[in-house]
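The values are calculated or read from the model by the stated rules, or taken from the named source; none is laboratory data. Not measured: the values here are computed from a predicted model. Every residue, glycine as well, gets a Cβ built from its backbone with ideal geometry; the counts of neighbours run over all protein chains shown. Ligands, DNA and RNA are stripped out before the accessible areas are found, and what is left, the full protein with its side chains, is counted by its heavy atoms. Shrake-Rupley method; radii C 1.70, N 1.55, O 1.52, S 1.80 Å.
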Amino acid sequence: MSAVRPARAPRAAAVGGAGGAALVAAGILLSRLFGLVRNRLLGHYLGTSDAGDAFNAALRIPNVLQNLFGEGVLSASFIPAYSRLLAQGDDEEAGRVAGAIGTLLALTSAVLVLLGVLLTPYAVALIAPGFHGEKRELTIRLVQVMFPGVGLLVLSAWSLGVLNSHRRFFLPYVSPVAMNVVMISALVGFGPSLGGDAAGQARLAMILAWASVIGSAAQLVVQLPTVWRCDRKLRLALAPSNANVRGVLAQFGPVFVGRGVVQISSYVDNVLASLVSSGAVAVLSYAQVITMLPVSLFGMAVSAAELPAMSGTVGTQDEVARVLRQRLSDGLHRIAFYVVPSSMAFLAIGDIVGATLYQTGQFGRDEVVWMWSVLAGSAVGLLAGTLGRLYASTWYALRNTRTPLKFALLRVTLTLGLGWLAALWLPRAVGVDARWGVAGLTASAGIAAWVECVLLRRSLVPHIGDVGVDRPYQVKLWGAALAAAVVALGVKLVLGVERPLFLGLVALPLYGVTYLAATASLGIAEVGALAGRLKRLTGAR
């Protein structure tokens, strides 16, 4: 029986598994930190005002389309095919495929931008039916300004696919820093003079919309030189008769629908939030920036690093299954190690997290507590959502895109039904303020994520065996996270909440240190692995 041959990355060091995930996580961390700075300034100047609602609703459209193309179509159809050609050493064919897909995406995005600008009034009616009058008109204008940036973000996603396949993980995930720097500069430059009244806030939102387009261009430009260096055989030209290109395109349909269905969940959240109360869309958006940190840093990082490695593994069916089983198990346990304490933090000390990041200017203590409820609701399905990404990536590596699509459809159906009940019906039924329905919205989405995750896991059993996170391992993680939360709550009791930034600077590091100490004492191997990766990243000996 021949040995399994791992994927080869021509002209690039083969980085995969934990090493690749660490590079992805490092890039995402820098990007998200700049994103948090941007959102803290947004909260300071726009808060939960009508302009804040409108801008956050408008920004969702380019974000959804970037995620759809970047994490969906390209991750599930282009990267597996491109990585396999690189693993087989067929650089000429790999360059043809990458160039053809890039050309197709450029043409598609041009049409998408044109249609988007023309159809914006109808799109806004779908994503924010609760907006009326001046708020709705502002949202329409903001979306029309932002739409050209969508095409640039689609091409940026293609660059990410090329670079990931060549095991260049850091650059594509740190490139959004360029966009955030442009938007932060706009906020710093114009915020102090425009953030005081409704008219000024609307003008500031428009300036930020233009800044997002300029930032989208910057995000693409910083990647292109490395793309050309990685694949010198790349030629931008349509190749409709190429068998490999046709194979990628054959996967486009189900993957596009599948990822589109998942992205509909974001639209559903936005639609329902716009019907909950004024300011609900803004609070949901601010909270989602926080909840996306662990999802991106750990779920996306591990999945992005594992997909090209899984896709490039060749050998007999049993050998490939054994490698996939091992990589999946390792990735799931790494994800759980980081996401479990994130879930506990959102649930138990979400007000400390939210106040540290956002409590300033127009965003006061009441808004922090409101956002805490949203974070607590998100904690319900945070682990399931991140684990589900890796299960779906395993299916993509097996060249199966229809199974994840089927379960994604079920997830969105559940999200819609449960979200309506929890966000709109339940608050009225129990007699609480309607604005708390946003917390029910995120909690119900978490329940749907668990259903999808369980189904994805079970569907893989006939192909590679049952792979999950060991129950004793999970018990240790949750116990360690609970101990850390008790320490942080003790700090909150002593210091109070009057100085939110100081409280966060004391309580949150203690939370992390306590969790690491507790997991180390329980013999969790990931603690040592984390220390080793940090030493390598910092160059320590």
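Dipole orientation for the chain: of the candidates THR356, GLY437, ILE101, ILE101 has the Cα lying most toward the positive pole (charges on Cβ; Lys, Arg +1; Asp, Glu -1).
With +1 on each Lys and Arg Cβ and -1 on each Asp and Glu Cβ, how big is the dipole of the chain about its Cα centre, in debye rounded to the nearest 20? Let's see the in-between values first.
Working: 43 positive and 25 negative charges, 251 e Å.
Taking the Cα centre of the chain as origin, the dipole is about 1200 debye.
Which peptide among 366-373, 186-193, 354-361, 166-173 comes first, and what is the full order, when sorted by highest mean count of other Cβ atoms within 10 Å?
166-173, 354-361, 366-373, 186-193
Toward the positive end of the charge dipole of the stretch 383-541, with +1 on the Cβ of Lys and Arg and -1 on the Cβ of Asp and Glu, the farthest Cα among ALA449, LEU489, PRO462 is that of PRO462. Computed with the Debye formula from one identical point scatterer per Cα of the chain, without solvent, the log10 of I(q)/I(0) at q = 0.06, 0.09, 0.13 Å⁻¹ comes to -0.27, -0.64, -1.41. In the full protein context, the chain carries 39 Å² of accessible surface per residue, based on a 1.4 Å probe and ignoring ligands, DNA and RNA.
With a Förster radius of 22 Å applied to the C-beta separation of ARG399 and VAL111, the computed FRET efficiency comes to 0.20. Among 197-210, 495-508, sorting by the average number of other beta carbon atoms lying within 10 angstrom of each residue, highest first, gives 197-210, 495-508.
Computed from the Cβ-Cβ distance with R0 of 45 Å, the FRET efficiency linking ALA250 to TRP425 stands at 0.60. The apolar share of the surface of the chain, taken as the fraction of accessible area on carbon and sulfur atoms (1.4 Å probe, ligands and nucleic acids excluded), comes to 66 percent.
Estimate the FRET efficiency between ALA243 and SER185 by the formula 1/(1 + (r/R0)^6), using the beta-carbon distance for r and 56 Å for R0, to the nearest 0.05. Step by step, r from the Cβ atoms, then E = 0.75. Between the stretch 26-50 and the stretch 106-130, how far is it from one alpha carbon centroid to the other, in angstrom? Value for the Cα centre distance between the two parts: 25 Å.
In debye, nearest 20: dipole of the stretch 420-541 around its Cα centre with unit charges on the Cβ of K, R (+) and D, E (-)? Write out the running numbers ahead of the final one.
Details: 12 positive and 6 negative charges, 69 e Å.
The calculated dipole for the stretch 420-541 is roughly 340 debye.
With a length cut of 30 Å (Cα positions projected on each helix's long axis) and a Kyte-Doolittle mean of at least -0.5, go through the chain and give me the DSSP H helices that pass.
Within the chain the helices that satisfy the rule are 17-45, 91-127, 133-165, 198-221, 243-276, 317-348, 437-464, 471-495, 500-521.
Can you pull the percent of Cα pairs in the stretch 388-434 with separation above 14 Å? The share of Cα pairs beyond 14 Å in the stretch 388-434 comes to 62 percent.
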